Amino acid sequence: MAAEKKFKEYGIAFKGLRDGEHLFEYRLKDAFFELFEQPQVETGDLTATVKLIKSSRMLEFRFSINGEVGTVCDRCLSDVDVPIDYEGTLYVNFGDQYAEQTEEIVVIPHEEHTFNIGSYLYEFIVVSVPIRHIHPDNEDGTPGCDPEMLERLEEYMVHNDISVSDDEDIDDEEPIDPRWEELKKLINKNNK
């Protein structure tokens, strides 16, 4: 019951609406993300446009979510805003009890009169966050990341600049694992 109250503004009362198209718009800021326990996204500024196409047999929700969410840069670990651009459709059918048949199809009981889209908005935003989030490069082509942090990372990075060709001798001080020797023989045999 408490969850219904905190998501109240995202409940769409469809019973009183006539059949056809209805448009809803939401501004999703930090307060929206605070509604969720242990959110994967904590800050953002997005606009969600939801078009409801109502018929006597079903509800069709077309979502368009655009804006930015805050996250941590994978390269320099400072805050970065990443763009979100989501388009998708959710179909709601009526049945005896609530069920999520697929990611796009939900069944709600016939007696329901409101459908809450709050958790769906959040889910669509989370799945739209790019896998890799880094600061975009500057106009001159240099990384847009925190330069001080990049310097520190450079100090601790291990460089593997050693290249060994087939003809070069490998330093005999370190013995090679016998499994690698056998693999090397197979590779050399196949290259002949």
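Nothing in this text is a laboratory measurement; each read-out follows from the coordinates by a stated rule. Since we're looking at a predicted model, the values are computed, not measured. A quick note on method: Cβ atoms are made from the backbone with ideal geometry, for glycine too, and the neighbour counts reach across all protein chains shown.
Residue 43 versus residue 112, label points 7 Å from Cα toward the beta carbon: distance in nm?
Result: 3.5 nm between the two label points.
For residue 132 and residue 57, what is the calculated FRET efficiency with R₀ set at 45 Å and r taken between the beta-carbons, to the nearest 0.05?
Between residue 132 and residue 57 the formula returns 0.60.
Quick one: Karplus J couplings for the range 135-144, per residue in order, coefficients 6.51, -1.76, 1.60, θ = phi - 60°, nearest Hz, x for Gly and Pro?
5, x, 5, 6, 4, 7, x, 7, x, x
Can you check what the net charge comes to around residue 107, using other residues whose Cβ is under 11 Å from the Cβ of residue 107 (Lys, Arg +1; Asp, Glu -1)? Provide the component values of the computation, followed by the final result.
Numbers: positive: none; negative: 96, 100, 112.
Residues close to residue 107 contribute a combined charge of -3.
Using a Gaussian network model of the chain with C-alpha springs under 10 Å, which one of 134, 65, 53 is most mobile by mean-square fluctuation?
Ranking 134, 65, 53 by mean-square fluctuation puts 53 first.
Where the convex hull is taken over the Cα atoms of the chain, what is its projected area averaged over directions, in nm²?
20.6
Dipole magnitude of the chain about its Cα centre, charges +1 at Lys/Arg Cβ and -1 at Asp/Glu Cβ only, in debye to the nearest 20?
So the magnitude is around 1900 debye.
Calculated from DSSP H runs of 4 or more alone, at -39500 (n - 2.57) each and per residue, what is the 222 nm mean residue ellipticity of the chain, nearest 500?
The helix-only estimate for the chain comes to -6500 deg cm²/dmol at 222 nm.
Tell me the net charge near residue 133. Cut-off is 13 Å between Cβ atoms, residue 133 excluded, with +1 for each Lys or Arg and -1 for each Asp or Glu.
-2
Mean Kyte-Doolittle of at least 0.0 plus a Cα span of 15 Å or more along the axis: flag which DSSP H helices in the chain meet both, please.
On the way: long enough: 118-128 (16 Å, 1.04); 178-191 (20 Å, -1.72).
Those that pass (Cα extent of 15 Å or more, hydropathy at least 0.0) are 118-128.
What are the extents of the Cα atoms of the range 1-115 along their three principal axes, in Å, largest first?
Largest first, the range 1-115 extends 52, 29, 25 Å along its Cα principal axes.
Running a GNM on the chain with Cα contacts under 10 Å, which residue among 16, 70, 118 ends up with the highest mean-square fluctuation?
16
Assuming R0 = 41 Å, can you tell me the calculated FRET efficiency for the pair residue 89 and residue 152, based on Cβ-Cβ distance, to the nearest 0.05?
Efficiency at R0 = 41 Å is approximately 0.35.
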